[in-house]
Structure formats: structure tokens, C-alpha cells
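Trainee: Here it is, the structure in full.
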Amino acid sequence: QVQLVESGGGLVQSGGSLRLSCAASGTIFSINYMGWYRQAPGKQRELVAAIFSSGSTNYTDSVKGRFTISRDNAKNTMYLQMNSLKPDDTAVYYCNLVTKNLYTYWGQGTQVTVSS
């Protein structure tokens, strides 16, 4: 079983920065990719950024140039550096891990609120 614990959320003013962390623990077999999703009130959960086992990354268009996803394999931790935050970035951010056998795990979520 894999546990994912997010941290780093909070309240920040527009234009500010936050760094989210996702610590993975448990029995972790081959990882296909890890990602950050977010869900704003009344909206569907959306993929924000993903990092694959190869190290390649993908971002949704609205965060390109502002957010950076990274991993520290030694610490089993994934990060999301968020700069130039906007009120539209306000959401609950979830950590996601998908194994090569396509098992999917989710964290409990961390709230990010950006005030204008």
C-alpha cells in the first residue's frame, strides 16, 4: 500500500509563491508517473502537472512558465513550485501516483488560496 501526504498549501497574495510537497511512503513498485491535480469549487478535478519515470514533464497550459514540478527520488518526494500565483489557481491540490501496473493512489489534498 502506498500513502501520499501533501503539505505546503496555504493563503498567499496574488503574485506570490508556494511550494507544495508530496511525500510517498509504503511499498512503492515501479512508478509510471506522479502528478499534481487540483479541484476548485464547482469544477472538475484537473491535471496541473505530471512527471514521468523518465524525468519528462507535462503542464496544463494555464500554469506553463509559472509552475515547476520536480522529484527527489532519494526522499520519495515530489514538489510543485508555484510562482506568480493568481486567484484562479485557488483550489485543493492533490498528489497522484500511478504505477506501471496502473494502480492509482491519491493524497488527501492541500488547500491553496490566492487572494487578489
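Trainee: Determine, yes or no, whether residue 84 is closer than 19 Å to residue 9 by Cα, over 14 Å from the mean Cα position of the chain (by Cα) and part of a loop (DSSP other than H, G, I, E, B).
Mentor: Numbers: closer than 19 Å to residue 9 by Cα: yes; over 14 Å from the mean Cα position of the chain (by Cα): yes; part of a loop (DSSP other than H, G, I, E, B): yes.
Yes, satisfied.
Trainee: Residues being open to solvent by less than 70 Å² (accessible area, probe 1.4 Å) and either modelled with pLDDT of 95 or more or part of a strand (DSSP E or B) (or both): count how many of those fall in the range 19-45.
Mentor: So the answer is 17.
Trainee: When the range 87-108 is examined, which residues are found to be among the charged types (D, E, K, R) and over 14 Å from the mean Cα position of the chain (by Cα)? Can you show your working first?
Mentor: Residues of the range 87-108 among the charged types (D, E, K, R): 88-89, 100.
88, 100 - these are the residues of the range 87-108 that are among the charged types (D, E, K, R) and over 14 Å from the mean Cα position of the chain (by Cα).
Trainee: Is there any pair linking a residue in the range 99-116 that is free of Cβ contacts under 8 Å to residues at least 60 places away in the same chain and open to solvent by 50 Å² or more (accessible area, probe 1.4 Å) to one that is outside any strand (DSSP E or B) and aromatic (Phe, Trp, Tyr), with Cβ under 8 Å and at least six apart or on different chains, and which?
Mentor: Taking only residues 6 or more apart or on different chains, not a single pair turns up.
Trainee: Right, something else. Among the residues of the range 67-86, how many are touching a Phe, Trp or Tyr at 6+ places or on another chain (Cβ under 9 Å), open to solvent by 30 Å² or more (accessible area, probe 1.4 Å) and without any contact (Cβ under 8 Å) to a residue 40 or more places away in the chain?
Mentor: 4
Trainee: Among the residues of the range 5-18, write down those that are assigned to a strand (DSSP E or B), in contact with a Ser or Thr (Cβ under 8 Å, 6 or more places away or on another chain) and surrounded by 15 or more Cβ atoms within 10 Å (Cβ to Cβ).
Mentor: Within the range 5-18, 6, 12 meet the criteria.
Conditions (1) touching a strand residue (DSSP E or B) at 6+ places or on another chain (Cβ under 8 Å); (2) more than 20 Å from residue 108 (Cβ to Cβ); (3) among the charged types (D, E, K, R), marked per residue:
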residue: 22; (1), (2), (3): yes, no, no
residue: 30; (1), (2), (3): yes, yes, no
residue: 47; (1), (2), (3): yes, no, no
residue: 57; (1), (2), (3): yes, yes, no
residue: 64; (1), (2), (3): no, yes, yes
residue: 67; (1), (2), (3): yes, yes, no
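Trainee: Quick check: anything in the range 54-64 hydrophobic (A, V, I, L, M, F, W, C) and assigned to a strand (DSSP E or B)?
Mentor: Going through the range 54-64, the residues hydrophobic (A, V, I, L, M, F, W, C) turn out to be 63.
Filter once more, keeping what is assigned to a strand (DSSP E or B): none.
Within the range 54-64, not a single residue is hydrophobic (A, V, I, L, M, F, W, C) and assigned to a strand (DSSP E or B).
The values are calculated or read from the model by the stated rules, or taken from the named source; none is laboratory data. What you see is a predicted model, and the numbers here were worked out from it, not measured in a lab. Cβ coordinates were reconstructed from backbone atoms using ideal geometry, including for glycine residues, and neighbour counts include every protein chain displayed. Just the protein is used for accessible areas: all its heavy atoms, side chains included, with ligands, DNA and RNA removed. Shrake-Rupley method; radii C 1.70, N 1.55, O 1.52, S 1.80 Å.
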